[in-house]
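For reference, the structure discussed in these notes is given below.
Rule-based calculations on the coordinates, nothing more; no lab input. These numbers come from a predicted model, not from an experiment. Note that we place each Cβ from the backbone using ideal geometry, even for glycine, and neighbour counts take in every protein chain shown.
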Amino acid sequence: MPISLAARNVSHRFGNVVALEDASIDVPAGRATALVGESGSGKTTLLRCFNRLVEPEHGQVMVGDQDVRTQSPVLLRRGIGYVQQHGGLLPHWRVLRNVGLVPTLQHMSDSAQAARRALELVGLPAAQFGSRFPHELSGGQRQRVALARSIAARPGVILLDEPFGALDAISRAELQESFDNLRHDLTVTTLLVTHDLAEAGRLAEEVVVMRKGRIEQRGSMRDLIRAPATDYVARLIERARAGLEALRA
Amino acid sequence: MRLTPRRILLIGVISLAGAIPAALCAQRQRPVVVASKPFGESYLLAEMFSQVLESRGFSVERKPGLGATEIAFGALRTDAIDVYPEYTGTGLIAILHDTLPDSLAADPRAVFAHVASRFADLYHVRWLPPLGFQNTYAIAVTRSTANRYHLRTLSDLARESPHLTAGFTADFIGRSDGLVGLSRVYGLRPRAVRPLAPAVKYQALAAGAVDVIDGYSTDGLLARYDLVTLVDDKHFFPPYEAAGLVSGRLDSQIPGATAALTLLSGRLDETTMRQLNRRVEVDGEDIKKVASDELIALGLVGSVSGHGVRGVQSVQHSGFWRYLWDRRATLAALTVRHLELVALALLTAVIVAVPLGLGLERTRRIAEPTIGALGVLQTIPSIALLAFMIPVLGVGVVPALVALWLYALYPIARGTYTGVRDADPDAVAAAEALGTTPTQRLLWVRLPLAAPVIMAGIRTAAVITVGAATLAAFIGAGGLGEPIVAGLALADTRMILSGALPAAALALAVDGVLAIVELLVAPAHRRKRLWRRRTEDTEAISTSPQVASTTRQ
């Protein structure tokens, strides 16, 4: 069952560096929001507030109707899927065991079965891939396994931190497509961090543009293109468009 | 739990390691502990003490070749040993640091009386009545050097010393009754002073590499090389009367033992001693045999003695392998003791250093200073560290274990800390984000991934420990160092090799066993498959797009 996410006036610093400044977002249950910006914009920091990998100094972070501070970090994280840029598979565990990690942590009785189903959903049949080690897979396959691992326990939310960032263009497009299908089949709430505006527009209903810890603009891709709120957003769109046109030429 | 071959082997290794402490702690009836310093005459006198005691029904534990004066005397003071042969002059100068008025200093009886009363007062240690001979320092030159420079006395030597190179033992160079005092009293100023091991100084002199050496007046080698001992015309050297030095508690704990030892008092003169030393040092005869022959001749021991001495023959002319074969029982026992020392030190080091490394990974601010401090321990020479142990722990197995343990800590702690700290950061981060507890991350992720680095540390520690354990013989812990130390003292290469070769083999064997353990604890994806190989795996790699794309470029 999808769960909503909300951040209210969240601020955080690392030492003297401002990472987040009064940031607020809302992700309704079952919808997808993308956080877009350059490195250092605070997008990853904001994402990590939702599973308490970052504890913001000010503001409130909600998962469902609960403030995250009222929940134990370990239990909170078990209920939230998570994929990072370099999948972070445990190299000494076979694929099936990697995917079964969260079901095992939750003491699900059929964790192996849950892992197999998740592998099927990302297009890697367990019979063929389940007993391999991560280093025996391609980069794209590894990210698929990481995706399978994040959904195996059927969480209401998944957090994706540049999940396709390290892949070549073809694997990336394939994975984006399967993720998009998956998300709709599973009806899961998604928060995606990406530096790629096109990816954000393709995968998310709402796009949040961040810069230096602040939110520049929130809205659908269409809204952003039609009425960029700041020069920065306009430039970002211009750059994405230039990239596409260079491809056409 | 399923019993896979890997688990069975692990259990085997663990239970074997557990059995060792039990074996070391086995109770025995208290024997008289007889020790010696590491040179021929000391070995021989200690063996004579031992055989006299055994012939009178006492059981004896031999601790031959204890480091040097500091270590042997330290052991006696702390009641770690009961008796060892010592010399009054050494007691006077090296232990008491006393100087006597000249009128007394040359009189052996006066020196003995002084030393005996001071030792009783200060250390509760008893000098038995002297054995009957003196073994003073003998400053010796070859006959041709003596003729060329007209050397007869130490004053003559001092006059010519700017033309001469000295080869002295390190001990002699540093002692106030050695070179320091000679320079002061005679004005001895050799052109150069080379520190030489006792075992090689006679050869160095005979070969002309040095012109003058320090020896002992009873050394068998003085006669063999036809050397000239220079006369101490200013009576610089005090009398060095040999006598048994006995711990204060021996009489009360083992009544009659002191009386038995006193049977040797006054029975050995200098000529006899020089002959006996010659048999040991020059002819390479077995010390036990030489000791028992003399005791029989003195009528102190019956001609049929029951401790295997008669079975040991001189093996001077048989081959090296034969030599090893004849000593197989002793060498096996020494090897087992060596292995016990190494295993126990290593096991306890693993038990302490692995958790320490893990703890330091959580408190990284103090990690480098802590590991650095353990590293400083590595720079202490083993023999010095062993010597530091004596005032606290006495001599024998315990101080040796502590010293070996200290040496083993650093590589293991360093390996554990580094291995766990650097374990695949992406995997650790993902495991945290998915809701594992810190303990789960440690057991499931960090430790398995760090295992190769931890094992590298343990293997390094093991090889270091096998080597360092040979020095444990200096403080009476036994092991393969015993023949090495004795062989060095007696200039007996075969004896040295009979300890050194098994020790080297042991280092290889221990490393080999640990290599197998390393294979068993390696992370699954890096483990070499010993039993089966999957063809599917290699396919996956060759068809992976990533590999394909790199070959395209």
Mind running the shape call on region A:88-154? Use the C-alpha gyration tensor, a ≥ b ≥ c as the square roots of the eigenvalues: rounded below 1.5 for a/c, prolate if a/b tops b/c, oblate otherwise. prolate
Across the residues of B:519-525, average count of Cβ atoms on other protein chains within 10 Å? 3
Which cross-chain or sequence-distant (5 or more) residues have an amide H under 5 Å from the amide H of A:Arg31, H modelled 1.01 Å from N in plane? A:Thr190
Here the whole-number average of other chain Cβ atoms within 10 Å per Cβ of B:445-458 is 1
Only Cα pairs under 8 Å and at least 6 apart count here; give the relative contact order of chain B as a rounded whole percent. 17
Computed over region B:396-507, the ratio Rg/Rh where both radii use C-alpha atoms and Rh is Kirkwood: 1.25
Given a 10 angstrom Cα cut-off, can you work out which residue in A:Ser11, A:Ser39, A:Ser111 is the most mobile in a GNM of chain A? A:Ser39
DSSP-defined antiparallel bridges as percent of all bridges, the protein assembly as shown, nearest 5: 55
Could you estimate the translational diffusion coefficient of region A:45-128 from the Stokes-Einstein equation, with Rh from the Kirkwood formula over C-alpha pairs, at 10 °C and 1.306 mPa s, in whole µm²/s? 109
Of A:Phe50, A:Phe164, A:Phe133, which has the largest mean-square fluctuation in a 10 Å C-alpha GNM of chain A? A:Phe133
Computed over chain A: relative contact order in percent, which uses C-alpha pairs under 8 Å that are six or more apart: 27
Restricting attention to region A:1-77, which GluC sites (Glu not before Pro) occupy a DSSP loop and are surrounded by at most 10 other Cβ atoms within 10 Å? none
Region B:61-204, relative contact order in percent, only Cα pairs under 8 angstrom and at least six apart counted: 17
Kirkwood Rh, angstrom, region B:332-405 [1 / mean 1/r, Cα pairs]: 13.8
Based on alpha-carbon atoms only, what is the radius of gyration of region B:329-526 relative to the globular estimate 2.2 N^0.38 Å? 1.16
Based on the Kirkwood radius over alpha-carbon pairs, what value in µm²/s does the Stokes-Einstein equation return for the translational diffusion coefficient of the protein assembly as shown at 10 °C and 1.306 mPa s? 48
What are the aspartates and glutamates whose alpha-carbon lies under 15 Å from the alpha-carbon of A:Lys212, with same-chain residues fewer than 8 places away excluded? A:Glu21, A:Asp22, A:Glu38, A:Asp231
Net charge (Lys, Arg +1; Asp, Glu -1) of residues whose beta-carbon lies under 10 Å from that of B:Thr460, B:Thr460 excluded, is +1
For A:Glu205, net neighbour charge (Lys/Arg +1, Asp/Glu -1) across residues whose Cβ lies under 14 Å away: 0
Provide the per-residue ³J(HN,Hα) series for region B:484-489, in order, calculated from phi with Karplus coefficients 6.51, -1.76, 1.60 and θ = phi - 60°, each as a whole number of Hz, with x at glycine and proline positions. 5, 4, 5, x, 5, 5
So what's the angle, to the nearest 10 degrees on a 0 to 90 scale, between helix B:287-297 and the longest Cα principal axis of chain B? 30
Rounded tilt (10° steps) of B:328-362 against the dominant C-alpha axis of chain B: 50
Peptides B:38-48, B:182-192, B:395-405, B:206-216: what's the order by average Cβ count within 10 Å, highest mean first? B:38-48, B:395-405, B:206-216, B:182-192
For chain B, calculated [θ]222 nm from helices alone, where every DSSP H run of n ≥ 4 adds -39500 (n - 2.57): -18000 deg cm²/dmol
Pairs over 22 Å Cα to Cα, from B:Lys63/B:Lys288; B:Lys37/B:Lys234; B:Lys201/B:Lys289; B:Lys37/B:Lys201; B:Lys201/B:Lys234, come to B:Lys37/B:Lys234; B:Lys201/B:Lys289; B:Lys201/B:Lys234
May I ask you to work out the translational diffusion coefficient for region A:119-234 at 25 °C, viscosity 0.890 mPa s, via Stokes-Einstein with Rh from the Kirkwood sum over Cα pairs, reported in whole µm²/s? 157
Taking a ≥ b ≥ c as the square roots of the eigenvalues of the Cα gyration tensor, with a/c under 1.5 meaning rounded and otherwise prolate when a/b exceeds b/c and oblate if not, chain B is prolate
Relative to the longest principal Cα axis of chain A, at what angle does helix A:111-121 sit, 0 to 90 degrees, rounded to 10? 60
